[in-house]
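Data first, discussion second: the structure below is written as structure tokens.
Values in this text are rule-based calculations from the coordinates and carry no lab data. Quick caveat: nothing in here was measured; it's all calculated off a predicted structure. FYI the Cβ positions are ideal-geometry reconstructions off the backbone, even for glycines, and counts take in every protein chain you see.
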């Protein structure tokens, strides 16, 4: 017997950190009209921000069909324009940005287990790293689970897609089109989902690979996605622009468009359509056995809907609900049952919310919960029960909900012992470069965890049972932003956070290692914390006791770590022991206004790098661009780092530093660049050293960022193990103060570098040459030019990825860059800069 989980898996993508507002009458009317449409479409591409929000918005709101986006990856390999998070952390941000987009455009969201390992130049490389068959099985599962009538891919299945991941996403969609319908493919899915035959597959064409296509091209299906909705008061392309603008980490803010906007679909597989993508698809209630009698009921409730009295439609909706319940089990029965039950609640203006007195609690410990229920209609509604397995709640009640009278009460319950932690499910286990480890197959495809704690409210509405499920959340009032919320989460009773993610030991001298212990326990905690080190290393003391009296209390401890004589790259781990149990997880939160607060529980560990590192100079000025962790890398090398604000970039201040480093993509993101670049170039001319990290060649704030002509390109070397050739082996940058050898380019991650210059003045010296397999040499990854009395460096090498990963050779080379032209001298006076005081997170 096939099990169906549609009600849980395909509810609207409302982030569980946020209270879903009660929709207004216009949105209720739109949902009533959608109740009469039984069609579905799945858009398929590779990354967050690849999706065409215009088509998704049009399909979900104009055509009112079930619409979803399947992204192969979570965008972990991209760049981040809003902060320093990269790789897994960036993937978490971009996951939430996709969910924020879907809340606006009305689509659902799916993922595979594929990890975005960075730019790929071919589908062959992509499949080798991803493990093609595993990702294909995920795509097939989504097809069988979601049962789309139509598939639309963003990219063509060949090199025209411009990125190996793009090409791979289209190939996988085409192969899954066939595989999902076969009983001999991925048979472990069949018991739960069966097979599914998609009607047709089209590609969203008319882009850079086929820009001549228009509405008159034979065989092309044209969509006018720019229609206007009087109900919603916006054009669908305006809604789509707001949706696309949620991809803030990628700088994809978009302006709204009005008037006719066309999108073009090109045939790939299945039955051809002449004019309409849903030709031959029965999108009426008659597609379901026994559904014919439901269509006139829905027609009537739409016709009679009173915007002043939405509750007047509840009797008819309850009749429709009874008719849907009588249908045979299946995806459409579950979809429409969920829709009509939500409409009943919305028409009654029912408000239900459960909040906790804390935003995290350890398993087995208590949480105080506050309930508020309001029936804002004259309809007879009774609260008959509340259930929450996670808190052991199973209450039977008979509490009428009077019209616009709040029912408020509090309870105190213990979280079930053994409840799993709330960190993102795909990050709970170590993963490979290409594939996340997900041990529970039921989670594959899901965009995020289910809420840590949920409550099922059993209501009786005009005599019929209706269940409303709400997540437990934490809420507070900010004096500026007003009411805010974040998810309630289950966490360990104690966290151990190391102060540094990378610890560089440049010689045999010991260094202090700081860590912070934080309690999430309602009870006092006492225990010991210790460090686990590789052979030949030791810490003093070997163990430090701690006591934390209450939840939220922190204590900082200090160890002195003595390194070995040998150069190695290894890992330091911190462990807290309480009552005979060991806890080795750190606490990390990601908080941006456009997404719910995210909590991660990574292992409490840091990369240990023991290298014989030399450096010159003492104080580095760092001017941030799009955001990276290079300043932390400079500090662990032993530099004082002055993170200069725009107004601090003055000739007088620059005299106080030994070198200046510009953050990644600063010329793309800092509107003050045209004004401070002349000051920085004059600093070089007077004897300073300026290191400029990579920028993208479009949307530059200024093209005058070098002392001599320099033109950027899109050249990059994506193979992190690509051979590096020394063009100037005797150049100081490869010899002073550290001797750079081939060995220093081992262990690099994700890529060698990106967006190298394509043309450069002869006054620049090209230091390194490299290329991906079967490509021509790229000689501009590191350019150095003397200018006046100083040195100007432009580099597309991915130091912003390598330093946070503790790549030893990257540290040595970067030390050489900022040391250029610096003879040994007495220590410079330290720069005093203000630091933000830490406050308790809300």
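Brief remarks follow.
- Distance between modelled label sites at residue 175 and residue 286, nm, 7 Å Cα→Cβ extension: 4.0
- Compared with the dominant Cα axis of the chain, that is its longest principal axis, helix 331-347 is turned about 80°.
- Cα gyration tensor, the range 712-812 - rounded (a/c under 1.5), prolate or oblate: oblate
- Evaluated at q = 0.13, 0.21, 0.26 Å⁻¹: base-10 log I(q)/I(0), Debye formula over Cα of the range 585-673: -0.63, -1.09, -1.24
- Highest to lowest packing among 798-807, 746-755, 284-293, scored as the average C-beta count within 10 Å: 798-807, 746-755, 284-293
- Annotation: the residues 540, 234, 159, sorted from fewest to most other C-beta atoms within 10 Å of their own C-beta, follow the order 540, 159, 234.
- For the range 532-556, the residues whose backbone nitrogen is under 16 Å from a point 7 Å from the Cα of residue 514, taken along Cα to Cβ, are 554-556.
- Kirkwood Rh in Å, taken over the range 494-610 so that all alpha-carbon pairs contribute: 15.1
- Computed over the alpha-carbon atoms, the range 210-262 gives an Rg to Rh ratio of 1.08, Rh here being the Kirkwood radius from the mean inverse distance.
- For the chain, share of DSSP beta bridges that run antiparallel, in % to the nearest 5: 70
- To the nearest ten degrees, helix 132-146 and the longest principal axis of the Cα atoms of the chain are 30 degrees apart.
- Percent of C-alpha pairs per 5 Å bin, the range 16-110, short to long: 3, 13, 21, 19, 18, 13, 7, 5, 2, 0
- Computed as a quarter of the hull surface, the mean projected area of the alpha carbon convex hull for the range 491-536 stands at 4.5 nm².
- Folded to 0 to 90 degrees: helix 164-179 orientation relative to the chain principal axis, Cα: 30
- Residues 117, 457 arranged by fewest to most Cβ contacts within 10 Å: 457, 117
- Amide N proximity, the range 666-680 versus residue 651 label position 7 Å along Cα-to-Cβ, cut-off under 20 Å: 673-680
- Segment residue 372..residue 433, full-extension length gain: 17.4 nm, with 0.36 nm per residue of separation and the alpha-carbon distance subtracted.
- The convex hull drawn around the Cα atoms of the range 39-283, when projected onto a plane and averaged over every direction, covers 13.0 nm².
- Altogether, the Stokes-Einstein calculation at 25 °C and 0.890 mPa s, with the Kirkwood radius of the chain over Cα pairs as Rh, returns a diffusion coefficient of 83 µm²/s.
- What the Cα convex hull of the range 747-793 gives, in volume per residue, is 95 Å³.
- Stokes-Einstein D (µm²/s) once Rh is taken as the Kirkwood radius of the range 692-766 over alpha-carbon pairs, at 25 °C in 0.890 mPa s: 171
- Residue 774 paired with residue 22, simple spin-label distance in nm, labels 7 Å along Cα-to-beta-carbon: 6.2
- The simple spin-label model puts a point 7 Å past each Cα toward its Cβ; for residue 407 and residue 741 those points are separated by 7.6 nm.
- Three-way shape label, the range 340-423, alpha-carbon gyration tensor, a/c 1.5: prolate
- The convex hull around the C-alpha trace of the range 619-819, projected and averaged over every direction, spans 9.9 square nanometres.
- Only helices enter the 222 nm calculation for the chain: every DSSP H run of n ≥ 4 contributes -39,500 (n - 2.57), and dividing by all residues gives -6000 deg cm²/dmol, rounded to 500.
- Shape call, the range 405-458: gyration tensor on alpha carbons, a/c limit 1.5: prolate
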